[in-house]
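Below is one structure, written out as structure tokens; the observations come after it.
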Amino acid sequence: MRVFVTGIEGYIGVLLVPLLMERGHDVTGLDTGYYRDGWLYSDRKELPQFPKLINADLRCITASDLIGFDAVIHLAELSNDPLGQNSPATTFKINHRGSVDLAAKAKQVDVRRFVYTSSCSVYGLGAAEPLDETGSVNPQTAYAQCKVLVERDVGAMADAGFSPVFLRNATAYGASPRMRFDIVLNNLAGLAWTVKQIAMTSDGTPWRPLVHVQDICTAITCALEAPAAAVHNQIFNVGHNADNYRVREIAEIVADTFPGCQLSFGRSSPDNRSYRVSFDKIHRQLPGFRCAWDARKGAEQLRQVFERIAMTKDTFAFRAFTRLTQLEYLIKTNQIDAEFFWNF
Ligand SMILES: NC(=O)c1ccc[n+]([C@@H]2O[C@H](COP(=O)([O-])OP(=O)(O)OC[C@H]3O[C@@H](n4cnc5c(N)ncnc54)[C@H](O)[C@@H]3O)[C@@H](O)[C@H]2O)c1
């Protein structure tokens with residue numbers, strides 16, 4: 001298939017592209033390069049070729065840029081909750097409007113499939129029972145509200161010629177050259193390696209489903225390649241039932257994996273997001289999907305990467321590996337404006 005992938009240079013995108021190319025797809029990517037300064041390690045020497053890259057903002061794409069593509073995979077958004085809370089207006093412009101406009105333009109030029117990376121954070125504050133795709137959503141942040149709005153607005157565009165599919169990913173973890181240390185397991189692993197100490201201020205009781213970044217890539221590929229009848233205008237939670245963890249358990253798994261790491265917990269939890277999620281549907285209905293990873297295996301993968309590159313504290317703390325810090329730096333140094341367009 002001819003596939004247009006946005007966010008090609010992000011944490012998920014850099015792993016997804018080689019997978020798509022290995023599977024014979026012809027990939028064109030879009031990215032504005034906010035995190036281009038950060039590259040943790042190189043594993044891509046064997047890549048037969050680099051994909052075509054359009055170095056531009058999502059909001060500047062026209063329908064004619066999308067002519068001739070069979071599918072769009074859309075990853076390019078401001079990618080976490082704190083980011084959205086700091087700049088809610090810009091978050092709505094990129095994550096909600098930018099995504100809906102992209103889907104409308106794709107539909108206009110007969111792109112047949114639109115794979116959207118939504119998030120389990122739409123569940124926000126969950127009930128005691130695991131939530132499935134039919135349950136109500138309860139977004140707690142601008143980021144999660146945008147995910148809900150995109151699902152609603154792009155879902156309304158579905159028709160016989162246009163099949164959107166919505167992947168509500170659990171929180172990702174695992175190694176990627178375009179690393180993120182602002183997501184829970186990766187962050188704890190970085191602390192365990194660099195200072196051998198995880199001192200949590202919270203009690204770690206909230207539930208947080210996790211999924212390995214490679215398993216997200218598998219889900220995206222399956223959603224791209226499935227017959228339309230299996231995925232047309234469907235929402236899938238992406239993860240595995242066994243990978244609903246309490247934050248406390250995630251910390252324990254990481255501390256076990258990094259010898260000599262001290263672990264302690266506090267009493268409070270400023271972050272009230274907590275949800276357990278059912279992943280039955282994706283295993284039942286999305287052809288070819290299964291998770292190959294769990295948190296323990298992912299923590300071990302990170303330990304091996306950190307050992308291989310002799311990761312230092314400075315590397316762990318480098319701004320480009322924490323999305324919010326990098327964008328704050330780009331604003332402070334006048335490289336991007338208040339709406340996150342490049343100034344030069
Ligand atoms: N990583 C997770 O835990 C997770 C979980 C659920 C959903 N998701 C979703 O998956 C998608 C990708 O996540 P990620 O972790 O790879 O994020 P990321 O921040 O690493 O990558 C996003 C990429 O999109 C680009 N981008 C952002 N805004 C853009 C714009 N306006 N124009 C062009 N490019 C732009 C960035 O430069 C970056 O390379 C996001 O939509 C995110 O919300 C991620």
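The values are calculated or read from the model by the stated rules, or taken from the named source; none is laboratory data. What you are looking at is a predicted structure, and each value in this text was computed from that prediction instead of being measured. Neighbour counts are summed over all protein chains in view; Cβ atoms, including those assigned to glycine, are modelled from backbone coordinates with ideal geometry. We work out accessible area using only protein heavy atoms, side chains counted, and drop any ligands, DNA or RNA first. Shrake-Rupley method; radii C 1.70, N 1.55, O 1.52, S 1.80 Å.
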* Within the group ILE250, ILE198, which residue is in contact with a helix residue (DSSP H, G or I) (Cβ under 7 Å, 6 or more places away or on another chain), within 15 Å of the ligand (Cβ to nearest atom) and either among the aliphatic types (A, V, I, L, M) or open to solvent by 10 Å² or more (accessible area, probe 1.4 Å) (or both)? -> ILE250
* For ILE198, work out the one condition from (1) part of a strand (DSSP E or B); (2) closer than 30 Å to GLN285 by Cβ it doesn't fulfil. => (2)
* Residue by residue through region 277-297, note down the ones that are touching a Gly at 6+ places or on another chain (Cβ under 8 Å) and either among the polar types (S, T, N, Q) or closer than 30 Å to SER87 by Cβ (or both). => VAL277
* Pick from GLN85, GLN108: which is open to solvent by 40 Å² or more (accessible area, probe 1.4 Å) and at pLDDT below 95? -> GLN85
* **Hey, TYR11 open to solvent by 20 Å² or more (accessible area, probe 1.4 Å), within 9 Å of the ligand (Cβ to nearest atom) and under 16 Å from the mean Cα position of the chain (by Cα) or not** => no
* **Filtered residues of region 234-285 (kept if under 21 Å from the mean Cα position of the chain (by Cα) and among the aromatic types (Phe, Trp, Tyr))** => PHE236, TYR245, TYR275, PHE279
* Do we find that GLY98 is surrounded by 21 or more Cβ atoms within 10 Å (Cβ to Cβ) and near the ligand (Cβ under 9 Å from one of its atoms) in this structure? -> yes
* To do: Kindly provide the set of residues from region 111-139 that are open to solvent by 10 Å² or more (accessible area, probe 1.4 Å), over 22 Å from ASP280 (Cα atoms) and part of a loop (DSSP other than H, G, I, E, B), ordered by number.
  => ARG112
* Structure fact -> From the option list ARG2, ARG59, ARG36, single residue qualifying as within 7 Å of the ligand (Cβ to nearest atom) and open to solvent by 30 Å² or more (accessible area, probe 1.4 Å) is ARG59
* Search region 151-180 for residues that are over 10 Å from TYR116 (Cβ atoms) and aromatic (Phe, Trp, Tyr) and pair each with any residue that is open to solvent by 10 Å² or more (accessible area, probe 1.4 Å) and away from the ligand (no atom under 16 Å from the Cβ) when their beta-carbon atoms are under 7 Å apart and the residues are at least 6 apart or on different chains. => PHE162/LYS107; PHE162/ARG112
* Structure fact -> Among (1) modelled with pLDDT of 95 or more; (2) away from the ligand (no atom under 12 Å from the Cβ); (3) assigned to a helix (DSSP H, G or I), VAL72 falls short only on (3)
